[in-house]
């Protein structure tokens, strides 16, 4: 069965047919490094990673590009407000370059903690300015863009499919309805978007700027991804992914400017991950529910507990984050790791289970069902321990939970002594002492199970 994914703009499941047989060119939108990423962002990066791992597992050679946006992303995706990097620099009393380096470092630490594989190339917007300028020049030459005193804009009226992509009607839309929106009176259409900002007016003191045919300035956010994806993957490439919030502005703008410039699609398939909610609400600083990975770790949850949680939901479904839900996911994850750690050395994997696992991946990357197959395997009494171990190792190439190579925990001499004393108490039918020793072990963070082989303890996560 070939890989089927839901294409957001085609609005249906599609069978992925690579441009070059056996190879996938894959671009995913990366972070704007003006602040820490939150767990909603990280859900998307886990989705990208799981999809990449699945593609590789299914036999494709993947070239994955993920950008770092370090200039040009304004506070509003629709060209309103100040540059986010400039805002971050003012907030922290640093230069924009220092802010970009600082938050890039934390982003990379987060994705490493989540066992997210690094992309083959991670270009920075500031390193790809010439390619952006080239696209803008082509759009101006073709009449798809125009120049004002403040900027170069893409003219959405020259791209007939723009309203279809965004699902919005722009004819009667007013610009500047909010007081904080700064308008350019020379814009032809309110929805026209900036390709290049000039260092004049509100951006006169912009720190990051480059020479261009239109004077000193800096790129708009949308042109950056068009230029970086084209530079490293060509055009068209196979697969473009990100979060669902990019479907209304950022990605339609990418599509419009790239297709208008070169007359061919930017990417053949567009796949988007749904939002992470917190207690049923969208994350926001005002609600106090904007959590970082470090906030989870401070409550003694591991990054891979969060990865496990995201795998329990389909990427196209909203995932409601609660501390109770994370606690349950953490317990399940800990139990899984303990059970896997007790398996024998790997033998040959079970192809029946692997085929079932593979079918769920091929059916729109259904990680929840794929994870259920893993649990069914673990609990199956008919499958030999070494076969289970080998099969788990294969499945974990996609799940990314670092299950391969797990070994049973070596107990400290003190804990081992408590276990031995409890076994003796049970054999002597001293149930009061047995219960006392159980409580002692549990107070030290161990779960206690009684079986025919005696007391078995596992360290809680």
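The values are calculated or read from the model by the stated rules, or taken from the named source; none is laboratory data. Quantities reported herein were computed from a predicted structural model and do not represent experimental measurements. Neighbour counts run over all protein chains shown; Cβ positions are idealised from the backbone, glycine included.
The set of residues in the range 203-224 being out of contact with any strand residue (DSSP E or B) (no Cβ under 8 Å at 6 or more places or on another chain) and without any contact (Cβ under 8 Å) to a residue 12 or more places away in the chain consists of 204, 205, 211. Report whether or not residue 108 is closer than 30 Å to residue 297 by Cβ, at pLDDT 95 or above, in the same structural domain as residue 225 (by TED's automatic domain parsing) and out of contact with any strand residue (DSSP E or B) (no Cβ under 6 Å at 6 or more places or on another chain). Taking the combined requirement at face value, the residue satisfies it. Scanning for something under 30 Å from residue 306 (Cβ atoms), part of a loop (DSSP other than H, G, I, E, B) and in contact (Cβ under 8 Å) with a residue 40 or more places away in the chain, does the range 130-142 turn up at least one residue? Within the range 130-142, none of the residues are under 30 Å from residue 306 (Cβ atoms), part of a loop (DSSP other than H, G, I, E, B) and in contact (Cβ under 8 Å) with a residue 40 or more places away in the chain. Those strands (runs of 3 or more DSSP E) of the range 1-88 in which at least 3 residues are more than 22 Å from residue 101 (Cα to Cα) and in contact (Cβ under 8 Å) with a residue 60 or more places away in the chain, considering only elements entirely within it, cover 4-7, 23-28. Here residue 119 meets the list (1) surrounded by 22 or more Cβ atoms within 10 Å (Cβ to Cβ); (2) in contact with a helix residue (DSSP H, G or I) (Cβ under 7 Å, 6 or more places away or on another chain); (3) outside any helix (DSSP H, G or I) almost entirely, failing just condition (2).
Listed by first and then second residue, the pairs with beta-carbon distance under 6 Å, at least 6 apart or on different chains, first residue in the range 92-115 and in contact (Cβ under 8 Å) with a residue 12 or more places away in the chain, second surrounded by fewer than 19 Cβ atoms within 10 Å (Cβ to Cβ), are 96/207; 106/36; 115/402.
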